[in-house]
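Note sheet for the following structure.
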Amino acid sequence: MSRSRINCLVFIFIAILLCAVSCDFIDLRRVGYSIEPNISDSLLSDSNSPVVIRFETEMEKNDAEKILQITSDTGVVRGDFIWNGNDLYFTPVPGWTAGIRYTMSLSGTMRSVDGRELKVQRFISFYAINKNEPPLLEWHFPCDGASVGTCDLVPEFHFSCSMDRLTVESALTIEGIGNKTFEWSDDDKILKVIVDKPPSPWISCRWNLRDSAKSKDGVPLPIAYSGYFTTNLDKTLPCVTSVFPVLNSDGSWYPTGSCLETGLAPGQSIAVVFNKPMGENVLRSLRFEPAVTGRTELLSEKSIVYIFNKDPEPETTYTLTISSETKDSEGLKIGTDYRISFIPDIPFLTVLSFHANFGPVTENLSSNIVLPVYVESATQELFFSIRFSLGLTMEEKQNSAQKIMITPFFPRTLPPVALQNVNWLSDDRMFMCWEGLTAGSQQTPHYYKLTIPGGKGGINNGMGMYMKEDLVIYLEAQSEP
């Protein structure tokens, strides 16, 4: 190259250099920076450890913040940017999650305050807290789409590692069931869901386990799980198979062999048998018209017994209804009311015979009959016995003596009479002595009115059986033969 050409190039270079100095030309120095973490698969110590970018010079803050992005499989991580001098700190709002692989990307152009540009293209993966494997749902019951019964249903979930109870219980929902409790076992790897109230039969129940459920070391499920099952395993509807009278003996119930329609005797109860095991509400399923009082008890898983507080009314037609809402142990309903009518084989209490001293025994008594009786002239006493169709309890024996009355009837001038004593010869036969009676004559007969009261307030046997109506006998007092 000629000397003149070299001199020309030197002149041009010097001119450019002088121009750059005089015009404050762009600084060509590189902008230095560093990143924490700076090695892939690094591990941050805790959930709030920041990601830091340290610059050697002051940067345009908006530029730097725009090109920093942190993502995971769940999407972009939201966080706060804080500057400390030339250092940019990024802290996630919800905190880092253990075991999750995050990716920090710096992609774009940043500018320093002095005008220099920094083009970056960096991708660094990292973890926080730990790098443990995520938990997995290995097995569950019922299996997906299974047909199950409602009785004793206990959903069960098996995990690959020990789980954090609170996050799993909060993440699990099961449709179609009410309140539930959780039972953990095998170092919190197995979860059983105890249902307070069984689900309804013949419905589809869907369950969901969100990916917010975590293992004990804080690692969440990698995916959400879901499934469903149907409570239609039992397809047989419950029904009443038989209703009949039963009698209790030594604490056990025995069929009487009679039909309910006409064979329910005093002291007996009613048994109802179903075709399958029944639910708890079967104890509230019976009603009677007219109403009666009593209680219902289980005889077996398929049968119940209704025990009357007192015998039903004689000569009354009752209707026993078993509600259509009665459910079996699976929750299936009968569907229609079951009805059966019956008339109890329970007679009214009656007076079988009347026997006064020195007189014949009178049977087949009816109201308003006249019976001659003999009065002892010396003592003016009348002795007679009354025999009832049923035995009376001790309490009613005492009450009956207060209810039976003898009053003067004709003539009206007869003095009053009084009860002297009462003796019970047996449970169904009473002996009475009255004093103050006087014998009449052929010209002037003396009549006394004997009233044995009936109705619910009258004579009863103490077990709910009573005389239908008052029995009135007119006693003609005569002298002893």
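Here, each number is a calculation from the coordinates, and none is a lab measurement. Since this is a predicted model, take the numbers as computed values, not measurements. Here Cβ is always computed from backbone atoms with ideal geometry, including for glycine, and neighbour counts include all displayed protein chains.
With only Lys, Arg, Asp and Glu charged, each at its Cβ (+1 for the first two, -1 for the last two), find how big the charge dipole of the chain is about the Cα centre; round to the nearest 20 debye.
1680 debye
Using +1 at the Cβ of each Lys and Arg and -1 at the Cβ of each Asp and Glu in the chain, identify which of L166, F274, N460 lies farthest towards the dipole's positive end.
About the Cα centre, the residue reaching furthest to the positive side is L166.
Full extension from N38 to L352: what is 0.36 nm times the residue separation minus their Cα-Cα distance, to one decimal in nm?
101.7 nm
Amide H to amide H, which residues 5 or more places from N232 or on other chains are under 5 Å from it, using H placed in the peptide plane?
Placed amide hydrogens put V148, W202 under 5 Å from N232.
Region 291-334 to region 374-406: how many Å between their Cα centroids?
41 Å
Hey, could you get me the Stokes-Einstein D for region 248-321, Kirkwood radius over alpha-carbon pairs, 4 °C and 1.567 mPa s, rounded to whole µm² s⁻¹?
98 µm²/s
Return an integer: the convex hull volume of the alpha-carbon atoms of the chain, in Å³ per residue. Mind showing how you got there, number by number?
Numbers: hull volume 131.9 nm³, N = 481.
Cα convex hull per residue, to the nearest whole number: 274 Å³.
Over region 240-342, calculate the relative contact order: mean separation of alpha carbon pairs under 8 Å at least 6 apart, over the residue count, as a percent.
Worked out over region 240-342, it gives 25 percent.
Let me spell out the model: positive unit charges on the Cβ of Lys and Arg, negative unit charges on the Cβ of Asp and Glu, origin at the Cα centre of region 240-342. What dipole size does that give, in debye rounded to 20?
Result for region 240-342 is approximately 180 debye, rounded to the nearest 20.
Relative contact order for region 33-128 using alpha-carbon pairs under 8 Å, separation at least 6, rounded to a whole percent?
Result for region 33-128 is 36 percent.
Using 26 Å as the Cα-Cα cut-off, could you pick out the over-long pairs in K310/K397; K197/K310; K189/K276; K192/K333?
Listed pairs above 26 Å: K197/K310; K189/K276; K192/K333.
Below 8 Å, C-alpha to C-alpha, sequence gap of six or more: please give me the relative contact order for the chain in percent.
9 percent
Mean residue ellipticity at 222 nm from the helices of the chain, using -39,500 (n - 2.57) per DSSP H segment of n ≥ 4 over the full residue count, to the nearest 500 deg cm²/dmol?
Working: 5 runs with 48 residues, N = 481.
Counting only the DSSP helices, I get -3000 deg cm²/dmol.
Rounded to the nearest Å, what's the spacing between the alpha carbon centres of region 413-466 and region 165-204? Just the number, please.
Here the answer is 74 Å between Cα centres.
I want the local charge near N421. Using Cβ-Cβ distances under 11 Å, sum +1 for each Lys or Arg and -1 for each Asp or Glu among the other residues.
-2
Quick one: what are the phi-derived ³J(HN,Hα) couplings along region 409-415, Karplus 6.51/-1.76/1.60 with θ = phi - 60°, whole Hz, x for glycine and proline?
Listing the rounded values in order: 10, 8, x, 5, 7, 5, x Hz.
Can you compute the FRET efficiency between N179 and L299 using 1/(1 + (r/R0)^6), with r the Cβ-Cβ distance and R0 = 35 Å? Round to the nearest 0.05.
Working: r = 31 Å, r/R0 = 0.88.
Efficiency, rounded to the nearest 0.05: 0.70.
Give me the number: length gained by fully extending A418 to Q121, i.e. 0.36 nm times residue separation minus the C-alpha to C-alpha distance, one decimal in nm.
Extra length from A418 to Q121 when fully extended: 94.4 nm.
Are there trypsin sites (Lys or Arg not before Pro) in region 284-386 that DSSP puts in a loop and that have at most 16 other Cβ atoms within 10 Å, and which ones?
K310
Net charge within 13 Å of F182 by Cβ-Cβ distance, Lys/Arg positive one each and Asp/Glu negative one each, not counting F182 itself?
In short, -3.
In whole Hz and in residue order, list the ³J(HN,Hα) couplings for region 242-258 that follow from phi through the Karplus curve 6.51 cos²θ - 1.76 cosθ + 1.60, θ = phi - 60°; x for Gly and Pro.
Each residue's phi maps through the Karplus curve to give 6, 9, 7, x, 9, 10, 8, 9, 6, x, 10, 9, 10, x, 7, x, 9 Hz.
For M110, which sequence-distant residues (separation of 5 or more, or a different chain) have an amide H within less than 5 Å of its own amide H, given hydrogens modelled in the peptide plane?
Placed amide hydrogens put L118, K119, V120 under 5 Å from M110.
With a ≥ b ≥ c the root eigenvalues of the C-alpha gyration tensor of region 129-178, is it rounded (a/c under 1.5), prolate (a/b larger than b/c) or oblate?
Prolate, since a/c reaches 1.5 and a/b exceeds b/c.
Would you mind classifying region 33-128 by shape? Square roots of the alpha carbon gyration tensor eigenvalues, ordered a ≥ b ≥ c; an a/c under 1.5 is rounded, otherwise it is prolate if a/b is larger than b/c and oblate if not.
Prolate, since a/c reaches 1.5 and a/b exceeds b/c.
Counting only DSSP beta bridges with both residues in region 351-479, what percent are antiparallel, rounded to the nearest 5?
Once the DSSP bridges in region 351-479 are tallied, antiparallel ones form about 85 percent.
To the nearest 20 Debye, how big is the dipole of region 392-481 about its Cα centre, given +1 on the beta carbon of each Lys and Arg and -1 on that of each Asp and Glu?
The calculation lands at about 220 debye.
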